[in-house]
Amino acid sequence: MKKLIAALLLLAPACAVAGGFDFTGKLDLYGGQYFFGSQSGAFNGYGILDAQLAKSYSSSSGFFVSARSVYTGFKQVNELAGGGTLFQQSLDSSLGGKWIRRYEGGYSLKPRVAVKNQLFRETKDEKWGKGLYDFMRYDGGLTLERKTRWGLSTPWTWQLSWDAYYTRYTRFKSLASQYGQELAAPNPGKRVLDTLTNQFSYESEMDLPNFKKLDVLLAVAMIDYQDQKIVDSEGRYKAKRSDYYQSLNVAMYKRYNDIDFLGGIRPLLGTGVTLANLISNQNHLDTDPARLKFVKSYYDYSEVRLAPSAQFTFIGPGLVTRLSYEFAVRGYAERLTQKGDGAYTSKNLAQYSSSFTADATYPVARSLDVKLQGTWANSSSNNRYEQVYRYNYNSSSYFAGMEWRF
């Protein structure tokens, strides 16, 4: 993956000159520090590389190739396999291609393929490519888009999309599958995290009067686990796990009149609301003799997210500042809370999370910006047992760096 992205970046400028291709992208490099609870990480780096290569064959057809790589050098919390896991470093690389064919009436058809590789290091001495949660994702999809108008004066773009992607955790294998036969124990499966997902989505974008914008995204995903079996109340494994995830996001933005102060300030305010839920046929059996417990539909939850934001553009110097906040409540349908010693209660588990981000961008040259960013996040719940999953924590970070657009 890294070699493919490197080859694209090296050959793309030459192709652009020789064949009339458009080559664009940006490189963000930051230095900063991350804090998790009472622990502070060492000063480290954070980088994002985006590159796009486009070619138009006519006014109605063309293709688009994109590459992206993100390196995170500090500790972070990642939600992998339904659990919060702390990682030392990560490297996320992806490469994709999309063909665009336009038709009369504002319609476009966009088939695409992509591959993604994500690597994690849990300790400083762990080698890249040896992480337990490293995975590859292979993606293919098709989008039908139409650009039209709602009424006479409201531009409206909507998309219907289908995506299918296979995620394979290259090194994760269940220990029970390796030793189950020797111990005459049931086999839960070997590659219990590998999934095949089919996702259908509808996306709408409307530019309303008075500098307003409305975005709507509805997505439904059917997730089939390739080798994870369902556990029953007697500890037996039978049919394979399958999940059903759906979400609806509605966001409204409004640009207000410029404020006559410091050479002019242009405010843009917005808010977004997300409703989501997960339905799974997987259960949970706690086999600890001290608290033997079977929980049906262990992963089922409903979630609500509220995300207001504000952006202020200082027209004279070109300074852009952004403030965003997100608050989320997740309630599990069947998962019970546990006390600090692991004993179960009669209450269902609820998790509350919030985050605040502030960043500023200032242009120092035509294609070069200085960037500052600070984040704070907190997660809390009514659950006190955290030997398997971390429900209660807070984290923060600060970064400073440059963005180069090419």
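The numbers here are math on the coordinates, done by the rules we state, and not lab data. In this text the structure is predicted, and so the values were computed from the model without any measurement. Cβ coordinates were reconstructed from backbone atoms using ideal geometry, including for glycine residues, and neighbour counts include every protein chain displayed.
Please report Ser58, Ser201 as a ranked list, fewest other C-beta atoms within 10 angstrom at the top and most at the bottom.
Numbers: Ser58 8, Ser201 17.
Fewest to most other Cβ atoms nearby, the residues stand as Ser58, Ser201.
Provide the gained length on full extension for the span Phe327 to Met222, in nm with one decimal, where the gain is 0.36 nm per separating residue minus the Cα-Cα distance.
35.2 nm
Which residue, Ser38, Ser395, Ser69, tops the fluctuation ranking in a GNM of the chain built on C-alpha contacts under 10 Å?
Ser38
I need the phi-derived Karplus couplings for region 205-215: 6.51 cos²θ - 1.76 cosθ + 1.60, θ = phi - 60°, integer Hz, Gly and Pro marked x.
After applying 6.51 cos²θ - 1.76 cosθ + 1.60, I find 9, 10, 8, 7, x, 6, 6, 10, 9, 10, 10 Hz.
Note down the nm distance, to one decimal, between modelled labels 7 Å out along Cα→Cβ at Lys213 and at Trp128.
3.5 nm
Beta carbons within 10 angstrom, averaged per residue: use that to sort the peptides 123-135, 347-359, highest first.
Values: 123-135: 14.1, 347-359: 16.3.
Packing proxy ranking, top to bottom: 347-359, 123-135.
Provide the per-residue ³J(HN,Hα) series for region 109-118, in order, calculated from phi with Karplus coefficients 6.51, -1.76, 1.60 and θ = phi - 60°, each as a whole number of Hz, with x at glycine and proline positions.
Result, ordered by residue: 10, 9, x, 8, 9, 7, 9, 9, 10, 10 Hz.
When the chain is fully extended, how far beyond the present Cα-Cα distance does Met136 get from Tyr57, taking 0.36 nm per residue of separation?
Numbers: separation 79, 0.36 × 79 = 28.44 nm, distance 3.22 nm.
Full extension from Met136 to Tyr57 adds 25.2 nm.
Tell me, what ³J(HN,Hα) does each residue in region 227-233 have, in order and in whole Hz, if you take phi through Karplus 6.51 cos²θ - 1.76 cosθ + 1.60 with θ = phi - 60° and put x for Gly and Pro?
So the Karplus estimates, Gly and Pro as x, are 8, 9, 9, 7, 9, 10, 5 Hz.
What three numbers, in Å, describe the spread of the alpha carbons of region 173-405 along their principal axes, ordered from the longest?
Cα spread of region 173-405 along its principal axes, largest to smallest: 76, 37, 36 Å.
Mind scanning Lys116/Lys347; Lys98/Lys213; Lys26/Lys147 and naming the pairs with a C-alpha gap bigger than 31 Å? If you can, show how the numbers build up before the last one.
Numbers: Lys116/Lys347 40 Å; Lys98/Lys213 27 Å; Lys26/Lys147 28 Å.
Table pairs above 31 Å Cα-Cα are Lys116/Lys347.
For the chain, state the average projected area of the convex hull of the C-alpha atoms over all orientations, rounded to one decimal in nm². Write out the running numbers ahead of the final one.
Values: hull surface 96.6 nm².
Mean orientational projected area (the chain, Cα hull): 24.1 nm².
Given the peptides 279-286, 146-153, arrange them by the average over their residues of other C-beta atoms within 10 Å, most packed first. All intermediate terms of the calculation are to be shown ahead of the outcome.
Values: 279-286: 16.8, 146-153: 11.1.
By packing density, highest mean first, the sequence is 279-286, 146-153.
Collect residues whose amide H, placed 1.01 Å from N in the peptide plane, falls under 5 Å from the amide H of Tyr385; neighbours closer than 5 in sequence don't count.
Amide H neighbours of Tyr385: Gln338.
Given a Förster radius of 25 Å and the C-beta distance between Val273 and Lys347 as r, what FRET efficiency does 1/(1 + (r/R0)^6) yield to the nearest 0.05?
With a Förster radius of 25 Å, E is 0.40.
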